[in-house]
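Where a number appears in this text, it was derived from the coordinates with a stated rule and is not lab data. On a predicted model such as this, the values are computed, not experimentally measured, just so you know. Reconstructed Cβ throughout: ideal geometry from the backbone, glycine too, with neighbour counts over all protein chains shown.
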Amino acid sequence: QAKAQGGGRFVCFEKLMHPRALARLQLEHDLTRALELEELSLCYQPVVCLRTGGLKGFEVLLRWQHSKKGWISPGEFIPVAEEIGLISTLGWWVLEQSCSQLQQWRAEIPQGLNIVLNVNLSLLQLKQVNLVGQIEKLLRSHQIPGHCLNLEITETSFLESSQLDASILHQLKALGVQLSIDDFGTGYSSLSRLHQLPLDQIKIDREFVDGIETDGSKEAIAQTIITLAHNLGAQLVCEGIETPAQCSKLQQLGCEYGQGYLFSRPLIPPSATALLQHPHFQQAINWSSYGCSV
Ligand code: C2E
Ligand code: MG
Ligand code: MG
Ligand code: MG
């Protein structure tokens, strides 16, 4: 009807639109252009061995610097990218960039050959036709052994998808790639389902780390998840470790790996490279001297 009455009516309609709906439309529009405008970048958060203090690898985290609005968090734009069908494009870009970066580190830093990159994968990417073939090609063209790439999938997306064909996960495993279940504890996994998935790593959500030093029920949950992981033969990573007290509690509970601001914020690539140039980065690092934030 607005159209029939001429262009002017359309402006009126926009004025009547809820400001939040308009902001959302604007965000969708800007996101579709973010790649070509080179507003996207990756940062790398260290994953630390809690026994030694050495560096195991990094989690790759996507960043968007909007020309007018500044940094927009992935918690805000990833769900939008999923809804508008852009996540496959963005996710593929993240995988390619991650593999290029890893190839460069492996070539330039002799001790860097064991570094593992964790890359977040959306459920929609797992449903993409030929994802496995594309990842296989990507690894081959960058000369990266499968075990140096660890794909993270959130617990909730595993659950949302009763249709998710576990055979995709087995095909990825056949490439040697590692698989993680991310934000564990925020969904409600059935134990029998978990047992059927070929998981290498479980990442406990930071919700359970926050307050673990004082809250007995959080400690009990963390202990249960750690035991579960070990029974499944999976490694355990704790997210969001911010204080020494949290860290020592988790060490005491038998958690092997951790990530968090206590060690380092996500790093821009040159800072991550500097960390890798540390001569003993796999044995121990003085984390208090790092933490260049993004
Ligand atoms: P995630 O995969 O669970 O990543 C961990 C998040 O915790 C990151 O937030 C990281 O910056 C934050 N974090 C790390 N240590 C601490 C800490 O000590 N304290 C606190 N408060 N936070 C900490 P970020 O970068 O904002 O990412 C949010 C989520 O967005 C990620 O959660 C992930 O689910 C998603 N995401 C990020 N990059 C990608 C991507 O390339 N693809 C997909 N599909 N999702 C992504
Ligand atoms: Mg993650
Ligand atoms: Mg997580
Ligand atoms: Mg998360």
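General observations
- The slack in the chain from Ile168 to Cys49, taken as 0.36 nm per residue of separation less the alpha-carbon distance, amounts to 39.9 nm.
- The angle separating the long axis of helix 216-231 from the principal Cα axis of greatest extent in the chain is about 80 degrees.
- Qualifying chymotrypsin sites (Phe, Trp or Tyr not before Pro) for segment 209-294 [loop in DSSP, other Cβ within 10 Å: at most 15]: Tyr261
- Gyration tensor verdict on segment 147-294 (Cα atoms; rounded if a/c is under 1.5, prolate if a/b is larger than b/c, oblate otherwise): oblate
- GNM result for the chain, Cα springs below 10 Å: residue of Glu83, Glu155, Glu239 fluctuating most strongly: Glu83
- Candidates Gly53, Gly211, Gly258: whichever shows maximal mean-square fluctuation once the chain is modelled as a Gaussian network with Cα springs under 10 Å: Gly211
- Potential extension, Arg193-Arg140 segment - 0.36 nm per residue separation minus Cα distance: 15.9 nm
- Among Ser190, Ser98, Ser73, the residue with the largest mean-square fluctuation in a Gaussian network model of the chain, with springs joining Cα atoms closer than 10 Å, is Ser190.
- Here is the list for segment 28-76: trypsin sites (Lys or Arg not before Pro) lying in DSSP coil, each with at most 12 other C-beta atoms within 10 angstrom of its C-beta, are Arg51, Lys68, Lys69.
- Nearest-ten-degree value, helix 74-83 long axis tilted from longest Cα axis of the chain: 60 degrees
- Per residue of the chain, the DSSP helices (runs of n ≥ 4 H) give a summed -39500 (n - 2.57) that works out to -13000 deg cm²/dmol at 222 nm.
- Selection from Leu172, His230, Phe184 lying farthest towards where the dipole of segment 151-240 points positive, charges on Cβ: Leu172
- Relative contact order computed over the chain (Cα-Cα under 8 Å; 6+ residues apart), in percent: 18 percent
- Measuring r between the beta carbons of Ala21 and Glu207 and using R0 = 41 Å, the FRET efficiency lands at 0.85.
- Taking Cα centre as origin and charging only the Cβ of basic (Lys, Arg, +1) and acidic (Asp, Glu, -1) residues, the dipole magnitude of the chain rounds to 480 debye.
- In degrees, nearest ten, helix 7-16 long axis to first principal axis of the chain (Cα): 40 degrees
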